[in-house]
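K.L.:
Here you go, one structure.
Laboratory data are not the source of any read-out in this text; all were calculated from the coordinates shown. All values reported here derive from a predicted model rather than from experimental measurement. Please note: Cβ atoms are built from the backbone with ideal geometry, for glycine as well, and neighbour counts cover all protein chains shown.
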Amino acid sequence: MTDPILTTKDLHKRFITGSGLVGASTTIHAVNGVSLSVNKGETFAIVGESGCGKSTLARLLLRLLDPTEGEVVYDGQDLTKLPAGEMRKLRSQMQFIFQDPFSSLNPRMTVEAIVGEPLLIHTKLNRKERREKVADLLRKVGLRPDYADRYPHEFSGGQRQRICVARALASGPKLLIGDEPVSALDVSVQAQIVNLLEDLKDDFGLTLIIIAHDLSVIRHMADRVAVMYLGEVVELATTEELFQSPRHPYTRALLTAIPVPMPGGRGPMAALGGDIPSPANPPSGCKFHTRCPHATDICKTTHPALDTAGAHQTACHHWQDLPAMGADAVATAPRSAATEARFALYREAASKAANQ
Amino acid sequence: MTAAVTLTADAAPAPRRNRTWGKLKKNKSAMVGGFVVVAFIIIALLAPILPIPDPTLTDWGKIRLAPSAEHWMGTDEIGRDILSRMVWGARASLMAGVISVLIAMAVGVPLGVIAGYFGGWTDQIIARATDALLAMPFLILAIALAAFLGPSLTNAMIAIGLSAVPIFIRLTRGQVLSVKTEDYVEGARAIGLGHTRIMSHYILPNVFPPILVQATLTIATAIIAEAALSFLGLGQQAPQPSWGSMLATARNFLSQAPWMALWPGAAIFMVVMGFNLLGDGLRDALDPKEN
């Protein structure tokens, strides 16, 4: 499991907006020094709030955007330095699935043209062979091959996402990046697409990178997880470790925010005050210090580097001290008396029901 | 995969093309407009085989005759049959309308796509030039160009076409800017397509409906422009007929032979209205928001 397919080194992406003749331009630091490595055959997840730069990072990984600094190494080649023609050829090996299946399919192309297009440009198959391959791919993603002549608007969201998956698989990729591939779908359809991706991953020997904000999807799919905050990776660990023993206070806050389908089943909510600061004007030191319940003076002045020594990497000055600081107790917002009373009633009723 | 099969079993709505036609069919004024346009096109196409006299045949014994059984629309100042000249003139007018718009689209649409797709300096140069041209009134520009190229129907069509180019650049560019942000365009890059294929297969088909509407409306404007140029002697050259030059001559005889002006005026009015109604109908039919 230590055979990396994709590695990034100190990756930065800055967007400059509002630069006109008058008025100052603002620089948005969307991705700030991300170094990570994705191993062959694993499912790697990137999580974070909206606006934390995870979609930008996904686009940098495939060079759909050019990074401002840093490098992306795929299979020994630095993508950022590859000439455009070479890059286009290499794209057959890495594919992208978008969040919104309603805007990611060309409405003027038939399903056959959509799914067959990567074959047209990356292989030398003739028309008939392409048609057969398309039918084959449609079957693999759970669609009827006779849908090949229809247009995207004739399909539901889940079906469209299956078409997207079929198109992504057509060129025989080794790496598949999904930018929130299920978050635009109904929950029941989400499960189908998640299962489909997992099956296909085994069948085709894919490496998956999943961008998401839904932690339950990640817990189900991913082998390793990177947590992002304001363009930086703040914690990186195997899924099991991250969910069992999260280190970074931000990760802790995220995990306690997962809804549990039973009243009282969730522990008390960790209070994460305020909004995510603007990436145009990020806080000094540790970028999380404005919202962190454990922040001290050092957090305000010194930026904590991601400790890349072990398998479980954390960017926090205090993670080792957090349990001693009574992290969970401090992070807890007390429930109101009325809520407590309702929970007491609920537990009473639940225990009665259990005893019968 | 049983779940998938049940999922895909639901009925799909009718394809977009049929929906557009269905909506257009229900629009009465668009159908009237379409009918008028088609009727004029058929008449223009049939000109050589219709049992009408030569439009340039003069008869000094029959000048400025009022409409009669022999000459349905009367005769002009040198005894030519006006019906015949109207039919042959329809060819010049419709051809000028259609060909000049085709010229405008052939130049304007690619430039608009390139400007919108690539952005940056390319866009700045094309967009500024377009703005400069749009600052000049369409007809003035066409007259200036036609005068520069020399009087003939072909040159008039080129002049009108070039004058209409900025309209198409601006429309196309605006459409491209909105289509460009769609995920499927980024997706096309992600699978490794080159710029040419993205522009031809992803951008162009998706910006085309509003361009088609604009083209229909511009044909009407171009027909008026051709009439104006011919009226000024910069278009169709005598003795070949065109509605504009017929109007120009008729102006001298308005009190003695008003029918000479009536027919070409009415024909221009009807064709222009036909194209406008058709264009409006197309715009409504192609608008996905209206059902």
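K.L.:
Report, as an integer, the average count of C-beta atoms from other chains found within 10 Å of each Cβ along A:136-148. Mind showing how you got there, number by number?
P.N.:
Numbers: counts 0, 0, 1, 2, 1, 2, 7, 5, 4, 0, 0, 2, 0.
Per residue, the number of nearby Cβ atoms from other chains is 2 on average.
K.L.:
Evaluate peptide B:179-189: per residue, the Cβ atoms of other protein chains within 10 Å of its Cβ; return the mean as an integer.
P.N.:
Shielding by partners across B:179-189 averages 6.
K.L.:
Round to the nearest 0.05 the FRET efficiency obtained for residue A:24 and residue B:124 when R0 = 25 Å and r is the Cβ-Cβ distance. Spell out each step's value before the answer.
P.N.:
Details: r = 22 Å, r/R0 = 0.87.
E(calc), rounded to 0.05, equals 0.70.
K.L.:
Right, here's the next one. With the cut-off at 1.5 for a/c, could you classify chain A from its C-alpha gyration tensor as rounded, prolate or oblate?
P.N.:
Note, shape of chain A comes out oblate.
K.L.:
If pairing requires two Cys Cβ atoms under 4.7 Å apart, which cysteines of chain A are left without a partner?
P.N.:
Cysteines lacking a close Cβ partner in chain A: A:52, A:164, A:292, A:316.
K.L.:
7 Å from Cα along Cα→Cβ at both residue A:204 and residue A:352: what's the point-to-point distance in nm?
P.N.:
5.5 nm
K.L.:
Using the Cβ atoms and a cut-off under 14 Å, what net charge is assigned to the surroundings of residue B:256, where Lys and Arg are +1 and Asp and Glu are -1? Can you show the working numbers first?
P.N.:
Working: positive: B:64, B:251; negative: B:76, B:77.
Result for the neighbourhood of residue B:256: 0.
K.L.:
Any idea what angle helix A:157-170 forms with the longest principal axis of chain A, computed on alpha-carbon atoms, 0 to 90 degrees, nearest 10?
P.N.:
60 degrees
K.L.:
Let me ask you something else. Most exposed first by the Cβ proxy, i.e. fewest other Cβ within 10 Å, how do B:101, B:213 rank?
P.N.:
B:213, B:101
K.L.:
Which ordering of A:88, A:342 is given by a fewest-first count of other beta-carbon atoms within 10 Å?
P.N.:
The order, fewest Cβ neighbours first, is A:342, A:88.
K.L.:
How many Lys pairs in chain B lie less than 23 angstrom apart by Cα atoms, where the lysines are 8 or more positions apart or on different chains?
P.N.:
Within chain B, the lysine pair count is 5.
K.L.:
A follow-up question, please. How far apart, in nm, are the 7 Å Cα→Cβ label points at residue A:146 and residue B:66?
P.N.:
Between residue A:146 and residue B:66, the simple spin-label model gives 7.1 nm.
K.L.:
Across every pair of different alpha-carbon atoms, what Kirkwood hydrodynamic radius in Å does the protein assembly as shown reach?
P.N.:
29.9 Å
K.L.:
I'd like the FRET efficiency for residue A:123 and residue B:269, computed as 1/(1 + (r/R0)^6) with the beta carbon distance as r and R0 of 51 Å, rounded to 0.05.
P.N.:
Taking R0 as 51 Å, the efficiency between residue A:123 and residue B:269 is 0.30.
K.L.:
So how strong a dipole does the protein assembly as shown carry about its Cα centre when Lys and Arg Cβ are +1 and Asp and Glu Cβ are -1, to the nearest 20 debye?
P.N.:
Result for the protein assembly as shown is approximately 1040 debye, rounded to the nearest 20.
K.L.:
Determine, from the Cβ-Cβ distance of residue A:131 and residue B:196 and an R0 of 35 Å, the FRET efficiency 1/(1 + (r/R0)^6), rounded to the nearest 0.05.
P.N.:
0.90
K.L.:
I'd like the mean, over residues of A:96-108, of how many other protein chain beta carbons sit within 10 Å of each residue's own Cβ.
P.N.:
For peptide A:96-108, the averaged partner shielding equals 5.
K.L.:
Roughly how big is segment B:141-216's charge dipole about its Cα centre, with Cβ charges of +1 (Lys, Arg) and -1 (Asp, Glu), in debye to the nearest 20? Don't jump to the answer; show the numbers that get you there.
P.N.:
Values: 5 positive and 3 negative charges, 23 e Å.
Here segment B:141-216 has a charge dipole of around 120 debye.
K.L.:
Which order do the peptides A:343-350, B:230-237 take when ranked by the mean count of other beta-carbon atoms within 10 Å per residue, highest first? Working shown, then result.
P.N.:
Values: A:343-350: 11.5, B:230-237: 22.4.
Top of the packing list down: B:230-237, A:343-350.
K.L.:
What is the angle, in °, between the Cα long axis of helix A:187-204 and the longest principal axis of the Cα atoms in chain A? Nearest 10 is fine, range 0 to 90.
P.N.:
Roughly 60 degrees, rounded to the nearest 10.
K.L.:
Moving on to the next point. Just to be sure I understand the model, the point goes 7 Å from the Cα along the line to the Cβ. What's the resulting residue A:275 to residue A:343 distance in nm?
P.N.:
Placing both labels 7 Å beyond Cα along the Cβ direction yields 3.0 nm.
K.L.:
For helix B:28-46, report the angle its Cα long axis makes with the longest principal axis of the Cα atoms of chain B; keep it between 0 and 90° and round to the nearest 10°.
P.N.:
On a 0 to 90 degree scale, this one is about 60.
K.L.:
In addition: Amide H neighbours of residue A:229 under 5 Å, at least 5 residues apart or on other chains, H built in the peptide plane: list them.
P.N.:
Under 5 Å from the amide H of residue A:229 lie the amide H atoms of A:234, each far enough along the sequence or on another chain.
K.L.:
Calculated from DSSP H runs of 4 or more alone, at -39500 (n - 2.57) each and per residue, what is the 222 nm mean residue ellipticity of the protein assembly as shown, nearest 500?
P.N.:
Taken over the protein assembly as shown, the calculation gives -16000 deg cm²/dmol.
K.L.:
What's the exposure ranking of A:63, A:14, going from fewest to most Cβ atoms within 10 Å?
P.N.:
A:14, A:63
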